[in-house]
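Some notes on the structure that comes next.
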């Protein structure tokens with residue numbers, strides 16, 4: 001019980017009469033990498049957005065069911081606090097219109113009151129952690145918009161890590177990146193799992209194979225298979241069919 | 001058969017486009033042409049910078065100096081923009097953050113009603129309700145530049161609101177999800193990221209609104225005082241548009257007075273056109 | 001920073017309430033002050049009294065305003081529609097298109113009184129029409145043209161390009177595509193834009209001041225005669241020191257009610273107009 005950080009029970013999401021998520025029941029153990037796979041439209045992104053309650057940004061959806069984070073129902077937790085502890089990274093990295101340095105300083109200034117030298121140290125540390133420091137150390141004041149896609153994504157990851165999240169949600173973070181950057185991010189996730197729980201939506205089967213501790217295969221809004229040894233021992237027909245095609 | 005119809009259609013629409021274009025350009029050229037004769041009587045410098053406006057010869061000669069009118073126009077429009085800036089940005093913030101898409105769609109027409117209210121009605125209500133307030137504070141007759149600026153500010157607000165809200169909404173769509181996903185309060189994000197990034201567009205909208213304000217005739221004419229003196233905020237003044245409206249009826253056709261009024265119109269038109277052209281170039285480059 | 005954002009939040013709520021309050025106040029107060037004034041006689045009678053408008057009605061002014069705005073519309077509509085069609089569907093040369101669009105956009109900023117000046121010299125005198133509805137109509141048409149053209153152009157641009165491509169790929173020429181596909185789709189928007197342009201022309205006083213608007217005239221029956229107009233009538237009542245202020249409120253109220261009713265109509269027709277934001 002205490003090993004579970006997130007539990008989703010009887011969770012449904014409807015858009016009008018269309019069922020986007022159908023009776024989802026899942027629980028997540030601490031410090032694991034959980035990969036959600038499935039074809040487009042199966043509800044993976046909606047599931048992710050439900051966890052940090054960012055589906056409220058889309059007002060037309062009707063939500064029903066329970067999500068428990070750290071023992072508490074997320075509807076009882078203030079959104080701001082929830083999102084501080086559950087970080088989300090999206091497919092297209094969105095950097096703020098500031099310098100790279102300020103993108104990170106911005107988050108620190110919001111949450112902490114610390115002096116400039118400590119701030120600076122924290123920023124350098126986090127950049128080193130996401131393997132970005134060496135590439136940008138000569139000019140931390142470069143506008144973040146001038147960075148490459150891979151660098152931006154790592155910056156977004158660094159930004160999210162500054163809030164010390166216990167769960168990190170990622171929605172196809174590498175789909176717009178090249179092989180080098182993808183490997184970078186994957187390695188980062190492998191090391192980050194020791195501090196946080198990772199839930200990643202991906203359509204890259206090889207990637208899922210590389211990093212997962214557990215695979216959740218979804219189809220038409222339902223969880224079809226939930227397996228810690230997925231690639232060795234698939235149990236459902238649909239999963240096999242999906243892997244064959246992909 | 002179809003081919004000829006198509007050809008006629010194409011050339012008809014083309015012809016009308018160019019006719020419209022020429023007509024508009026003709027208007028501009030014509031104003032210039034009708035204004036030129038005055039510059040035989042008075043130099044451009046004297047016309048623009050002179051402080052005396054005596055269009056009718058009472059025995060002391062005529063003078064055509066527009067300085068006070070130019071100052072009046074600038075003063076009233078700038079104050080109007082400053083006043084409107086606060087309300088407009090505030091309303092735009094509300095519309096982009098608090099109001100959802102549907103609410104915006106329903107509120108915009110209400111705000112646009114303001115832009116449809118005839119200028120005379122604005123002047124009338126200001127004269128009836130606000131002028132007495134100014135009068136009780138010691139302003140003679142209650143009419144002054146500030147009052148005109150207040151009325152103008154309401155008139156130009158819808159234009160600023162629509163343009164600034166558009167900017168805010170676009171930026172909000174771009175950044176707000178990321179901001180909220182970090183657990184950061186949306187008004188904090190609005191203030192620290194979106195507002196600063198909007199400054200350029202806001203300034204552009206304000207300058208365009210300023211041009212609108214400079215051209216406004218009736219409301220300003222009714223409450224600004226119309227005294228040909230150095231305009232001060234609580235004192236009287238006269239705008240260029242008011243000058244033309246008030247004196248055109250009595251100016252003898254093709255007299256110097258007449259040409260001078262056209263020249264005044266030219267000054268107004270040229271100022272507004274130049275600002276607009278420069279601004280559009282500037283905003284196209286930065287988008 | 002956090003306190004600043006709280007202040008800004010408060011400020012935005014207050015500004016919104018203030019602006020809404022002002023709008024509602026203007027409409028309600030004007031109507032309130034005109035209670036008792038607006039009756040059958042007011043609308044359908046002619047003005048009378050030492051200062052015109054102190055007694056009697058405003059019928060010639062209402063009809064005059066209608067004549068002025070419709071003249072302006074007729075003069076401006078065809079060029080606006082054709083320009084929009086040509087610029088959106090035919091003209092490919094981007095430089096020329098940008099130039100024309102720039103001219104239209106910049107002319108939109110020209111103060112309306114300038115168009116009055118133009119018409120005064122050209123139509124009233126040079127062409128000899130004198131002060132009449134036609135001369136004023138020209139000035140008003142020039143004023144509303146950029147506005148109308150821009151709105152029509154926008155509605156054409158919102159038509160799904162794929163529809164057009166599909167039509168052209170079938171070999172159908174632009175004229176037929178426009179008439180059969182674009183026009184039906186944009187029809188409501190165009191009507192809405194027309195209504196808004198009429199309202200715009202109806203509220204304008206400056207361009208008609210010395211081109212066709214007068215203090216007293218009978219109900220117009222010809223384009224070549226001057227006429228009264230609602231806003232001008234209101235202005236003259238005030239300028240000449242009318243003592244029956246409630247009657248002035250009556251004129252204002254009529255103007256505002258026309259604005260309100262037809263704006264609502266225009267808005268309902270064009271449910272798409274504000275969809276972009």
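The values are calculated or read from the model by the stated rules, or taken from the named source; none is laboratory data. Please read these numbers as outputs of a predicted model, since none were measured by experiment. When we count neighbours, we look across all protein chains shown, and the Cβ atoms used for this are built from the backbone with ideal geometry, even at glycine.
Worth a mention:
- Residue in the range C:1-15 that is without any contact (Cβ under 8 Å) to a residue 24 or more places away in the chain, assigned to a loop (DSSP other than H, G, I, E, B) and closer than 30 Å to residue B:185 by Cβ present: yes
- Residue within the range A:11-33 that is within 14 Å of another protein chain (Cβ to nearest Cβ), surrounded by 12 or more Cβ atoms within 10 Å (Cβ to Cβ) and touching a helix residue (DSSP H, G or I) at 6+ places or on another chain (Cβ under 7 Å) present: no
- Filter result for residue C:167 (more than 10 Å from chain B (Cβ to nearest Cβ) and either surrounded by fewer than 23 Cβ atoms within 10 Å (Cβ to Cβ) or within 24 Å of the chain's Cα centre (by Cα) (or both)): yes
- Residue within the range C:71-78 that is within 8 Å of chain B (Cβ to nearest Cβ), part of a helix (DSSP H, G or I) and modelled with pLDDT of 95 or more present: yes
- Extreme residue, surrounded by the fewest Cβ atoms within 10 Å (Cβ to Cβ), among residues of the range A:92-128 that are more than 14 Å from chain B (Cβ to nearest Cβ) and touching a residue at least 40 places away in the same chain (Cβ under 8 Å): A:122
- Evaluated against (1) surrounded by fewer than 17 Cβ atoms within 10 Å (Cβ to Cβ); (2) part of a helix (DSSP H, G or I), residue A:176 falls short on exactly one condition, (2).
- Residue B:91 within 10 Å of another protein chain (Cβ to nearest Cβ) and within 26 Å of residue C:197 (Cβ to Cβ): yes
- Qualifying residue in the range A:57-79 (condition: surrounded by 22 or more Cβ atoms within 10 Å (Cβ to Cβ) and closer than 17 Å to residue B:175 by Cα): no
- Residue C:88 meets each of the listed conditions (1) within 11 Å of another protein chain (Cβ to nearest Cβ); (2) exposed (fewer than 15 other Cβ atoms within 10 Å of the Cβ) apart from (2).
- Qualifying residue in the range B:132-144 (condition: at the interface with chain C (Cβ under 7 Å from one of its Cβ atoms) and without any contact (Cβ under 8 Å) to a residue 40 or more places away in the chain): no
- Whichever residue in the range B:98-110 is more than 7 Å from chain C (Cβ to nearest Cβ) and part of a helix (DSSP H, G or I) and, among such residues, is farthest from residue A:60 (Cα to Cα): B:107
- Test: residue C:47 is facing chain B (nearest Cβ under 9 Å), under 28 Å from residue C:132 (Cα atoms), in contact (Cβ under 8 Å) with a residue 60 or more places away in the chain and crowded, with 21+ Cβ neighbours inside 10 Å: no
- Residues that are more than 10 Å from every other protein chain (Cβ to nearest Cβ) and under 13 Å from residue B:217 (Cα atoms) within the range B:248-270 are absent altogether.
- The set of residues from the range A:45-72 being part of a strand (DSSP E or B), touching a strand residue (DSSP E or B) at 6+ places or on another chain (Cβ under 6 Å) and over 25 Å from residue A:189 (Cα atoms) comprises A:62, A:63, A:64, A:65, A:66.
- Verdict on residue C:241 being buried (at least 24 other Cβ atoms within 10 Å of the Cβ) and touching a residue at least 12 places away in the same chain (Cβ under 8 Å): no
Condition check ((1) touching a residue at least 12 places away in the same chain (Cβ under 8 Å); (2) assigned to a helix (DSSP H, G or I); (3) under 24 Å from the mean Cα position of the chain (by Cα)) across all residues:
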| residue | (1), (2), (3) |
| --- | --- |
| B:5 | no, yes, no |
| B:21 | no, yes, yes |
| B:27 | no, yes, yes |
| B:39 | yes, yes, no |
| B:47 | yes, yes, yes |
| B:61 | no, no, no |
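- For the range B:49-59, a residue qualifies if it is in a strand (DSSP E or B) and touching a residue at least 40 places away in the same chain (Cβ under 8 Å), and exactly one does: B:53.
- Qualifying residue in the range B:71-84 (condition: in contact (Cβ under 8 Å) with a residue 40 or more places away in the chain, over 30 Å from residue B:256 (Cβ atoms), within 11 Å of chain C (Cβ to nearest Cβ) and surrounded by 20 or more Cβ atoms within 10 Å (Cβ to Cβ)): yes
- The test for being under 24 Å from residue B:44 (Cβ atoms) and either under 21 Å from the mean Cα position of the chain (by Cα) or exposed (fewer than 15 other Cβ atoms within 10 Å of the Cβ) (or both) does not hold for residue B:279.
- Residues located in the range C:128-143, provided they are closer than 10 Å to residue C:226 by Cβ and assigned to a loop (DSSP other than H, G, I, E, B): C:130, C:131, C:132
- Selection count, the range B:121-162, where residues are at positive phi, surrounded by fewer than 19 Cβ atoms within 10 Å (Cβ to Cβ) and in a helix (DSSP H, G or I): 1
- Among the candidates A:222, A:166, the residue that is more than 18 Å from the chain's Cα centre (by Cα) and modelled with pLDDT of 90 or more is uniquely A:222.
- Looking only at residues of the range B:33-46 that are within 13 Å of chain C (Cβ to nearest Cβ) and surrounded by 14 or more Cβ atoms within 10 Å (Cβ to Cβ), we find that the one that is nearest to residue B:62 (Cα to Cα) is B:37.
- Filtered by the rule that a residue be closer than 19 Å to residue A:197 by Cα and either within 11 Å of chain B (Cβ to nearest Cβ) or touching a residue at least 12 places away in the same chain (Cβ under 8 Å) (or both), the range A:60-76 gives A:67, A:68, A:69, A:70, A:74.
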